[in-house]
Amino acid sequence: MSVSDLEKSGVWLQRGHQLRAKGQWSEAIALYQEALNFNPDAVEAYCQLGDLYWRQGQLTEAIAHCQGALKLAPQSAEAYKTLGNILQSQQKWAAAERAYQQAVLILPEFAAAHANLGSLYYHWGESERAVACYQKALSLEPSQAGIHWNLGRLYQDLGRFEEALESWQDALRLEPSMGNAERHLTIGNTLLTQARVEEAIHHYQQAIALEPNFSQAHSNLGNALIHQGALDRGIAALKTAQSLSPQLAGIHYNLGQALLQQGHQHKNLSGSAWQEVVDCFLQAIGLDPNLISAHHALFYLIRSRDPFGIDFDSLRQAAEDYLSLAQGPTRLLAALPHLSLCLHGGYSDLALETFLTLETQIQSDLDRLDLDSIALLYSRLMFSQPHLRDDARANLTLAKRLASKNQARLNQQPISSPHPPHPPTLPHLKIGFLSPHFRRHSIGWCSADILRELSALSAEIYLYVTQYQGTDDKTQEFKNLATQFYQPQSANYETAKLEIIEKIRQDQIDILIDLDSVTCYEQLEILYGQPAPICLSWLGFDAPFLSSAHYFLGDRHTHPPGIEADYIEQLIRMPDSFVAVSGFKRQSVEREVVRLSLGISWKQIAYLCVAPGKKLNRELVLAQITILKQVPNSVLIHKGEGERSAILELYQQACAELGVASSRVILISRSKTEEQHRTIYECADILLDSYPYNGGTHTLEALWFNLPLVTRVGELCLARMGYSFLNTLGIESGIAWSWNEYIQWGVRLGQELKVRQDIRHQLIRSKQPKHLSPLWNPAKFAQDMYEIFEALKKQQVRIH
């Protein structure tokens, strides 16, 4: 080979390099081939051709040229690096690793080979080895912007966000042209996770400047602006994103959340604006049926207790639209708003139909739901079923099935190990109570007297507020009796939960009592973490079916002996009733004046039903109207929240069916205060209890104001509360075991003045100090409760 041929080969190589640098790969390949024509031993030409053929996906040619280079120069690190790239693209990972390692063995300062080996380890999931390779490459060639960027992505995956941001900034400083829209979006997203909102906004704006129609950048800019507090600007950005990419479910979801936040901020969401939020969530679900966050948001938006006063028909239409859209296992979620609306509104037949459909679908689809959705399903169905039926076998079977799946979710909570037992150093108990209802609420009215008496027994009372709660005069009463009244600092649910758990541990609580059971799911998550040696549920509902290590406190009437095997919790029983109060205050009224204002004469018998829509059903209403029919000179007063038209329709249908004038049913609205509400007991003669979910606080109020009670006894706890109260008072009259007996007692009490008078005398006598019933004696209740807790603590200490 002549010197002239070598020179010509070198010229073709240089020209090939120039065209390659311009991205003209095909032209560069031709020139490299020409270089080989003049110098078949040109190793560099072989290496360049191998690399370019690999980049164009021509792997056979690429391998042939790498092999040609290695035949001529077995120590060619460049050829081994390219061969590693080819093998990696063929997913021949082990062979690729060997090629890269050979390259760095031959040339330890070969930065690109170290970087490519790092990329290989990154794909393998060997993050620490990948980081080491990238760092080695940068120590050799710190000006390589691409390696800085790749190292940043690796740091991001490892959760080392500050290091990721630093690497990306280095990359853009070295090579500003790398800063395309997608990369600015990545940086903005990472900054937002670090709460560096201003910087995130800057990068989102950079992305939009580079690519004005970049919908994801507009969407994330909207989220960042909302995080910053610029809600209106954030919504505008999200609407732009929505118009650019209407096919992206996440954008619809984010816009719906932003519009909902705007409504809460302004304390107003008009019908059309509310519908816009619904439509956003519906569109998100339609595009991505498995976007569970949208399902949950829609449930909470259209459940019955809506904060924006949306009319029932709009709520029901939204629920029906949602149900018609859902597919597969998410139909379980979609049925929940419809169930909740019908239940709370007073459409009991529709509620029961939806519930039974859900119960059937659970058999096939429960295992296909995500754990967060199972938690929602658990809380809503556990709450709904005692309102809809009193069937111990069916209800307990469903409760155990739901509870079993719910425990799988609770087992994944990031909560430390259970609290060890405290050494028995203190002569008194430290008792903690969980609730958001330390205020004017049924829980507040039924617990305050007992807690006050417990504190008088030297018990230290710790109250933990588990949700935001408004404060009132009753709250101050709780604060006064408590050793400590604790509200978490964080408004974030997960953070607040962990705060409460840690505070309970620090306070070294002996007995932790959940006052609300399944009605406050976040309390169950706290209780399940076992932050105190003894955890117990009481008062607000039946047992939550949470843990066999926990207890449930009832009485022998609500939980008769022999049913222990049906429950998960260990049952313990108060000797009398499961609750005690010292009485209720009410406004002073003239009985006849109020009765006349309601159109009730002094001669008429006034029955009273104080039950919200969720406790009404056709069988109950038919029984009440049957009583009216058999007691001609009588009326029924109904008082309770719910959809007025649904409640009215229930009574009108029953009246028409039984031939009773519907004018004999008087529906009255809720009162502003409990003291005003309690005047209704002065106007009535007999309270007709609800079934299958008996009245709790309302029944206690009626009995306190000496009103005879008719109650039907069922199989499960919440259908046995009236029975418990009457047994504790020593009153047998009014206890019914069937609808026939319920009607008979209602008729008898309406027709026989002496029977009513005898019951009233018994009720009056039960409040006299000499004959004080345990139902009106919170001091006795507190003493009994304290002794039970002391025994539990001693038993727990012995076990450990």
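The values are calculated or read from the model by the stated rules, or taken from the named source; none is laboratory data. Bear in mind that the values here come from a model prediction, so they are computed numbers and not experimental data. As a convention, Cβ positions derive from the backbone with ideal geometry for all residues, glycine included, and neighbour counts pool all protein chains shown.
Which residues, taken from the stretch 355-411, are surrounded by fewer than 21 Cβ atoms within 10 Å (Cβ to Cβ) and aromatic (Phe, Trp, Tyr)? Listed by number, the list holds a single entry, PHE383.
Do the conditions hold for GLU128, that is, is it part of a helix (DSSP H, G or I) and at pLDDT 90 or above? It would help to see each step written out before you state the result.
On the way: part of a helix (DSSP H, G or I): yes; at pLDDT 90 or above: no.
In short, no.
Taking the stated definitions as given, is ASP321 in a helix (DSSP H, G or I), assigned by TED's automatic domain parsing to the domain that holds GLN361, out of contact with any helix residue (DSSP H, G or I) (no Cβ under 7 Å at 6 or more places or on another chain) and of a type in the set (Asp, Glu)? So ASP321 fails the test. Scan the stretch 40-84 for residues that are buried (at least 20 other Cβ atoms within 10 Å of the Cβ) and part of a loop (DSSP other than H, G, I, E, B) and the total you get is 2.
Within the stretch 274-294, the set of residues being under 18 Å from the mean Cα position of the chain (by Cα), of a type outside the set (A, V, I, L, M) and assigned to a loop (DSSP other than H, G, I, E, B) comprises ASN290 only.
Determine whether ARG760 is of a type outside the set (A, V, I, L, M, F, W, C), touching a helix residue (DSSP H, G or I) at 6+ places or on another chain (Cβ under 7 Å), free of Cβ contacts under 8 Å to residues at least 60 places away in the same chain and assigned to a helix (DSSP H, G or I). Considered against the rule, which asks whether it is of a type outside the set (A, V, I, L, M, F, W, C), touching a helix residue (DSSP H, G or I) at 6+ places or on another chain (Cβ under 7 Å), free of Cβ contacts under 8 Å to residues at least 60 places away in the same chain and assigned to a helix (DSSP H, G or I), ARG760 comes out as no. A count restricted to the stretch 39-70 and to residues that are among the hydroxyl-bearing types (Ser, Thr, Tyr) and out of contact with any Cys (no Cβ under 8 Å at 6 or more places or on another chain) stands at 2. In the set (1) modelled with pLDDT of 90 or more; (2) outside the structural domain of HIS295 (by TED's automatic domain parsing); (3) among the aliphatic types (A, V, I, L, M), ILE251 fails one condition alone, (2).
Out of LEU700, LEU658, LEU650, one residue alone is within 28 Å of GLN587 (Cα to Cα) and among the hydrophobic types (A, V, I, L, M, F, W, C). It is LEU700.
Out of SER314, SER243, I need the residue that is closer than 22 Å to GLU641 by Cβ, surrounded by fewer than 23 Cβ atoms within 10 Å (Cβ to Cβ) and not charged (D, E, K, R). Which one? Can you show your working first?
Numbers: SER243 fails: closer than 22 Å to GLU641 by Cβ.
None of the others qualify; the one that does is SER314.
Listed by first and then second residue, the pairs with beta-carbon distance under 6 Å, at least 6 apart or on different chains, first residue in the stretch 37-64 and assigned by TED's automatic domain parsing to the domain that holds ARG15 and modelled with pLDDT under 80, second acidic (Asp, Glu) and assigned to a helix (DSSP H, G or I), are PHE38/ASP5; CYS47/GLU78. Scanning the stretch 499-520 for residues that are surrounded by fewer than 20 Cβ atoms within 10 Å (Cβ to Cβ), touching a residue at least 60 places away in the same chain (Cβ under 8 Å) and either aliphatic (A, V, I, L, M) or not in a loop (DSSP other than H, G, I, E, B) (or both) gives ARG505, ASP507, THR519. Residues in the stretch 460-492 that are under 21 Å from the mean Cα position of the chain (by Cα), assigned to a strand (DSSP E or B) and either at positive phi or among the aromatic types (Phe, Trp, Tyr) (or both): TYR464 alone. Residues that are more than 19 Å from LYS614 (Cβ to Cβ) and either in contact with a His (Cβ under 9 Å, 6 or more places away or on another chain) or surrounded by fewer than 23 Cβ atoms within 10 Å (Cβ to Cβ) (or both) occur in the stretch 300-308; there is at least one. Here ALA230 meets the list (1) in contact (Cβ under 8 Å) with a residue 12 or more places away in the chain; (2) of a type in the set (A, V, I, L, M, F, W, C); (3) over 28 Å from LEU154 (Cβ atoms) almost entirely, failing just condition (1). Does the stretch 650-671 contain at least one residue that is modelled with pLDDT of 95 or more and closer than 30 Å to HIS559 by Cβ? No: zero hits. Filter the stretch 506-521 for residues that are out of contact with any strand residue (DSSP E or B) (no Cβ under 9 Å at 6 or more places or on another chain) and over 19 Å from SER447 (Cα atoms) and give the result. Once the filter is applied, which keeps residues that are out of contact with any strand residue (DSSP E or B) (no Cβ under 9 Å at 6 or more places or on another chain) and over 19 Å from SER447 (Cα atoms), the stretch 506-521 yields GLN506, TYR521. Listed by first and then second residue, the pairs linking a residue in the stretch 537-560 that is over 19 Å from HIS437 (Cα atoms) to a residue that is in a loop (DSSP other than H, G, I, E, B) and of a type in the set (Val, Ile, Thr), with Cβ atoms under 6 Å apart and 6 or more places separating them unless they lie on different chains, are PHE545/ILE568; SER548/ILE568. On inspection, ILE208 qualifies as modelled with pLDDT of 95 or more, within 25 Å of GLN169 (Cα to Cα), surrounded by 17 or more Cβ atoms within 10 Å (Cβ to Cβ) and out of contact with any strand residue (DSSP E or B) (no Cβ under 6 Å at 6 or more places or on another chain).
So, VAL621, is that one free of Cβ contacts under 8 Å to residues at least 60 places away in the same chain, part of a helix (DSSP H, G or I) and within 24 Å of SER442 (Cβ to Cβ) or not?
On the way: free of Cβ contacts under 8 Å to residues at least 60 places away in the same chain: yes; part of a helix (DSSP H, G or I): yes; within 24 Å of SER442 (Cβ to Cβ): yes.
Here the answer is yes, as VAL621 does meet what is asked.
Which condition number does ILE637 fail, the rest of (1) in a loop (DSSP other than H, G, I, E, B); (2) in the same structural domain as ARG748 (by TED's automatic domain parsing); (3) of a type in the set (A, V, I, L, M) being met? Exception for ILE637: condition (1).
The set of residues in the stretch 472-486 being out of contact with any helix residue (DSSP H, G or I) (no Cβ under 9 Å at 6 or more places or on another chain) and either crowded, with 17+ Cβ neighbours inside 10 Å or polar (S, T, N, Q) (or both) consists of GLN476 alone.
Residue under question is ALA96, and the condition is that it be over 25 Å from GLU126 (Cα atoms), in a helix (DSSP H, G or I), out of contact with any strand residue (DSSP E or B) (no Cβ under 9 Å at 6 or more places or on another chain) and at pLDDT below 85; does it hold? When the stated conditions are applied, ALA96 does not pass them. Restricting the stretch 153-192 to residues that are under 26 Å from PRO212 (Cβ atoms) and among the small types (Gly, Ala, Ser) leaves a set whose member that is surrounded by the fewest Cβ atoms within 10 Å (Cβ to Cβ) is SER177. Set side by side, the residues LEU350, LEU333 differ, and just one is under 16 Å from TYR300 (Cβ atoms) and either of a type outside the set (Val, Ile, Thr) or assigned by TED's automatic domain parsing to the domain that holds GLU619 (or both), which is LEU333.
Counting only residues that are in contact with a Ser or Thr (Cβ under 9 Å, 6 or more places away or on another chain) and assigned to a helix (DSSP H, G or I), the stretch 295-318 holds 6 of them.
One residue stands out in the stretch 135-157 among those that are within 22 Å of HIS184 (Cβ to Cβ) and hydroxyl-bearing (Ser, Thr, Tyr): the one that is modelled with the highest pLDDT, namely SER143. Taking the stretch 432-487 as the range and being β-branched (Val, Ile, Thr) and in contact with a Ser or Thr (Cβ under 8 Å, 6 or more places away or on another chain) as the test, the residues that pass are ILE443, ILE461, VAL465, THR466, THR483.
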